[in-house]
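Here is the structure we will look at.
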Amino acid sequence: MTSSVEQNAPLPSTIPDPHVIKQMRILIVDDARDNRVLLRAILRKEGYQHVAVAGSATEAYRLLGLEDGAEHAQEFDLILLDIMMPGENGIDACRKIKSFPHTRDIPIVMVSAQTDVMWLSIAFESGAIDYITKPVNRIEMLARVGAALRLKYEMDMRKAREAELLKLKSELEAANLELARLSIIDGLTGIPNRRRFDEFLELECKRARRNKLPLSLILIDVDHFKLYNDFYGHLKGDECLQAIARVLSDVVHRPGDLVARYGGEEFAAILSETDAEGAMIIARKFQERVEDQGIPHEKSPIASVVTISQGIATCTFQKPVEPPTLIEYADRALYQAKANGRNQFQFVSCP
Ligand SMILES: [Mg+2]
């Protein structure tokens, strides 16, 4: 699917701008004031803009928002953590920082005197990614800080990309659902369209045959709709179709039933597990409810309001039929209803 041009294109660069790295936030935790001052001075001189200090693990927790009721948690991109401190030492502090979701991903670089080296393996186990030995070598320290910050930057970028991908994915899923819905719904009336009708009738015919059940189809035509449109205009014509779609849908509720717009001013109702008698009860309701709407139709030669003509066809389990046959017979019945003067329903039994 990917073109060769795209395959050969370089990947987007993840190498961060040095200026961006210098804006990242560093926290120095050390009980010795001289060490805090020295480390901060080196970082500041190198151009790091945001360097905070804490004199104990407890103070660091407060800045990181790990204390109960802490409200002003600051965000950090790197922590330089002294191992040997009175109270909670660096190892415990590292474990604690790594146990909170919002601080878990902050890289921690341990700062240790030579005498603390035996602690280093424990420090790595507790979640530290690197260490610097005291007395601090400026070049070495800046290299390690820079590497840790670049790693953090790449992690942040990857997380942002993943979040963006997730967002795109859910947007795409929503769009697909909407597309699927639109493809089976008639835009004007909001009821199932012809495509959905065809699928549904196919399924219900098969189900009726398999389960030996009757199946009825009613085709519904709005009487003298052309005269209505010519006189009231297409906008009113659309409103009339919407009203009829609403009325017909209100009558039919069962899961196996479907009212659809068949085309133009024609509607159709598929009634599963319904014999001729049941279908005629529904058709009578359609007839009455549409008339009850009282939509004026001044040009109708047969009534003062909008009316419908209907053709009913039913197949029984003794004589199952294919969808086109059922449609053909309902159409014949509809033709008869029109020929007999409209505003009525007729029934034709399938062969
Ligand atoms: Mg110390």
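Structure notes:
- Residue in region 91-104 that is of a type in the set (S, T, N, Q), within 16 Å of the ligand (Cβ to nearest atom) and out of contact with any strand residue (DSSP E or B) (no Cβ under 7 Å at 6 or more places or on another chain) present: no
- Selection of region 149-177 for residues being among the aliphatic types (A, V, I, L, M) and loosely packed, with under 11 Cβ neighbours inside 10 Å yields 160, 163, 165, 166, 168, 172, 174, 175, 177.
- Positions within region 7-26 being surrounded by 10 or more Cβ atoms within 10 Å (Cβ to Cβ) and either of a type in the set (Gly, Ala, Ser) or modelled with pLDDT under 80 (or both), in sequence order: 9, 14, 16
- Exactly one residue out of 78, 66 is among the aliphatic types (A, V, I, L, M), away from the ligand (no atom under 16 Å from the Cβ) and modelled with pLDDT of 95 or more: that is 78.
- Residue match in region 101-115 (condition: among the small types (Gly, Ala, Ser) and in contact (Cβ under 8 Å) with a residue 60 or more places away in the chain): no
- Taking the criterion of being among the charged types (D, E, K, R) and part of a helix (DSSP H, G or I), the residues of region 209-242 that qualify are 209, 210, 226, 230, 236, 238, 239.
The values are calculated or read from the model by the stated rules, or taken from the named source; none is laboratory data. Quick caveat: nothing in here was measured; it's all calculated off a predicted structure. All Cβ positions, even for glycine, are placed from backbone atoms using ideal geometry, and neighbour counts span all protein chains on display.
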